[in-house]
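Read through the structure below, which is laid out as structure tokens, and then see the notes.
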Amino acid sequence: MAIQRSGPWTPRSRLIAGLALALSAVMFMGACGGGSGASANEVRLTVWTWSNEAMNAFKKAGIIDAFEKAHPGIAVEVVAQLDKNYETLLTTGLAGSGSPDIVALRSYGVLSSFADSGNIVPLDDVVKDWSGFSKPALAGAKGKANGKFYAVPQGIQTAQVYYNKKIFADLGLAVPASWDELIAAAQKIKDSGVAPIVIPGSVAAQISLAAEILGNARRGAGGFEQAFIAGKKNLTDPDNVAAVGLLEQIQPYLVDNVTSVTLDEAVTLFATGRAAMFPSGAWQVTTFANLGAEVDYGTFDVPVNAEWPSKAVTVSYADGGWALAKRSAHPAEAAVLLNWLAGTEFANLYANAMGTIPARDGVTLKNPQLAEMYQRYQSTPSTYLGAAYLRYGSPSGTDLMGEQVQKIWLGETDPARAAQSVQTGVDAWFRPADFQYE
């Protein structure tokens, strides 16, 4: 079965993009956030995002009202564009005379490509205080070519293993304290007639994410990351091959026909108790809540064996940022909004409305599951290597990893050949020296 790719959207014809942009304009008034609307003397800023959830958060969580109350004379409206066409629409919109003022951009490779185009501007001197943001959040907001900041970070995603507390309790299982204990628990769950682990095995990005959750510590976590971007190690390193090998070890404990499982199916299998563990991102907390799922779940970082090169870590990556359009008609007022978006008032409102790990300090999360993830992240963060470094070119490392893991599950390759294939693919464009500004 073909893998669904998740890399940057490939621009279609100018006609299609223009028609889509025109349709977006027709729908504009219905999609906007904001309150009473700008008066004749107010400046109206337009913010674009790919996320309906983000638009609703601005609209319903009091974010726009809080900003407009503190900044009379500036009105804000938020427009959610069609996600799957977002980069195409944004390319056209930023190049035209009717450009939005501020745009949400996915971190790392996508943001860097828009920085290279010149359609967004550096924010190093626009935003007055970057000190509250975490280092991983700031890393995702930089352009690769020059290391300058091009976005105010939105949030952080962490990735861990969700587990069904009732299934574990019924079988007398505790949260595993080592990889060997995790495998033993999976066997006991399987013997009970429940699928131990579900992964969306038809989706390259989701397979790659699961591989990162399971293998980050086995690879060496931050130590491997630093050696990798320094050019001292690559993906064929024995520790990385061993990390890929963990995906082979769990194969007997995956749901049946895993290579055909979609993300929605994986969520449903876990939420209905038909799978006991689900390696995935922090956003699933909001997904389960929106589903009305009654499953009693917890999360844990993948435990390590004593001989592994790293302790257990919380896999994490930057989750987008707010950028300033070069053709904004109101750059001074947009700068005011960007500085407010960089502050703690917005961070508290946004993180709690969106159910995301905050990108900066000074935030209190109300959801207990997210608060637990945040606490672990603050203690033992480790970067998702594929997202942070291997999505700047084609083929992307995460697409390649997804394809190769699927081949492992289908018996078509082994961990060593899979790691070599990913390395060969990214060799077409990846250069460690590109990241030395960090």
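The values are calculated or read from the model by the stated rules, or taken from the named source; none is laboratory data. A quick note: this is a predicted structure, and the numbers were derived from the prediction, not measured. Ideal geometry is used to build each Cβ from the backbone, glycine not excepted, and the neighbour counts take in all protein chains shown. For accessibility, only protein heavy atoms count, side chains too; no ligands or nucleic acids. Shrake-Rupley method; radii C 1.70, N 1.55, O 1.52, S 1.80 Å.
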| note | Treating every alpha carbon of region 187-264 as one equal point scatterer without solvent, the Debye formula yields log10 I(q)/I(0) values at q = 0.13, 0.17, 0.24 Å⁻¹ of -0.47, -0.72, -1.08
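From the Cα trace of region 355-438, what convex hull volume per residue do you get, rounded to a whole Å³?
On the way: hull volume 12.3 nm³, N = 84.
With only Cα atoms used, region 355-438 gives 146 Å³ per residue.
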| note | Once the dipole of the chain is set up from charges on Cβ (+1 Lys and Arg, -1 Asp and Glu), the residue from the list VAL47, LEU390, TYR253 lying farthest towards its positive end is VAL47
| field | Of LYS165/LYS188; LYS142/LYS326; LYS166/LYS190; LYS84/LYS407; LYS144/LYS233; LYS59/LYS366, pairs whose Cα-Cα distance is over 25 Å | value | LYS84/LYS407
| Once the Cα gyration tensor of region 80-200 is found, what semi-axes does its equivalent ellipsoid get, as square roots of 5 times the eigenvalues, in whole Å, sorted largest first? | 44, 18, 12
| note | Toy charge model, Lys and Arg Cβ at +1, Asp and Glu Cβ at -1: the chain dipole around Cα centroid in debye, rounded to 20, equals 540
| note | Highest mean packing first, using Cβ neighbours within 10 angstrom, the peptides 218-224, 117-123 sort as 218-224, 117-123
| request: Would you work out the relative contact order for region 40-106, in percent, from Cα pairs under 8 angstrom that are 6 or more residues apart? | output: 49
| Percent RCO, i.e. relative contact order, over the chain, from Cα pairs under 8 Å lying at least 6 residues apart | 25
| request: For region 231-326, state the semi-axes of the equivalent ellipsoid (square roots of 5 times the eigenvalues of the alpha-carbon gyration tensor), sorted largest first and rounded to whole angstrom. | output: 27, 23, 15
| message | What distance in nm lies between label points placed 7 Å from Cα along the C-beta direction at ASP180 and LYS166? | response | 3.3
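Per residue, how big is the convex hull of region 291-438 when only Cα atoms are used? Give it in Å³.
Numbers: hull volume 32.0 nm³, N = 148.
Each residue corresponds to 216 Å³ of Cα convex hull volume.
Taking only protein heavy atoms and a 1.4 Å probe, what accessible area per residue, in Å², does region 386-438 have with all protein chains in place? Please list the in-between numbers first.
Working: 2130 Å² over 53 residues.
Each residue of region 386-438 exposes 40 Å² on average to a 1.4 Å probe.
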| query | Quick one: length gained pulling GLN375 to ASN339 fully straight, 0.36 nm per residue minus the C-alpha distance? | reply | 10.3 nm
| said: Which residue, ALA151, MET401, ASN164, has the largest displacement toward the positive end of the dipole of the chain when charges sit on each Cβ (Lys, Arg +1; Asp, Glu -1)? | reply: ALA151
| field | LYS166, LYS142, reordered so the largest accessible area comes first (probe 1.4 Å) | value | LYS166, LYS142
| note | For ALA329, the net charge from surrounding residues (Cβ-Cβ under 12 Å; K, R +1; D, E -1) works out to +1
| request: Evaluate the distance, in nm, between pseudo-label points positioned 7 Å from the Cα of ALA416 and of LEU291 along their respective Cα→Cβ axes. | output: 4.0
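Just from its helices, what would the mean residue ellipticity at 222 nm be for the chain, if runs of 4 or more DSSP H residues each count -39500 (n - 2.57) and the sum is divided by every residue, rounded to the nearest 500 deg cm²/dmol? Can you show the working numbers first?
Numbers: 20 runs with 195 residues, N = 438.
So the calculated ellipticity at 222 nm is -13000 deg cm²/dmol.
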| field | Cα-centred dipole magnitude for region 65-153, charges only on beta-carbon of K, R (+1) and D, E (-1), debye, nearest 20 | value | 360
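Of the accessible area of the chain, with the probe set at 1.4 angstrom, what percent is carbon plus sulfur?
Taking all protein chains in place, the chain shows 52 percent carbon and sulfur surface.
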| To the nearest 20 debye, what charge dipole does region 373-419 have about its Cα centre, counting +1 at the Cβ of each Lys and Arg and -1 at the Cβ of each Asp and Glu? | 180
| Relative packing of 414-425, 320-331, which averages over residues the other C-beta atoms within 10 Å, highest first | 320-331, 414-425
| request: Enter the Cα centre distance for the pair region 255-300 and region 407-438, rounded to the nearest angstrom. | output: 28
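Any chance you could run the full-extension gain for ASP434 through GLU42? It's 0.36 nm times the residue separation minus the Cα-Cα distance, nm to one decimal.
Values: separation 392, 0.36 × 392 = 141.12 nm, distance 4.31 nm.
Here the answer is 136.8 nm.
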| Compactness relative to 2.2 N^0.38 Å, alpha carbon Rg of region 48-107 | 1.21
| Given a 1.4 Å probe and the protein chains all in place, what does the accessible area of GLU248 round to, in Å² to the nearest 10? | 80
| remark: Beyond 31 Å, the calculated P(r) of the chain holds a percent of Cα-Cα pairs equal to 41
| Going toward the positive end of the dipole of the chain, with +1 on Lys and Arg Cβ and -1 on Asp and Glu Cβ, which of GLN226, PRO200, VAL285 do you reach last? | GLN226
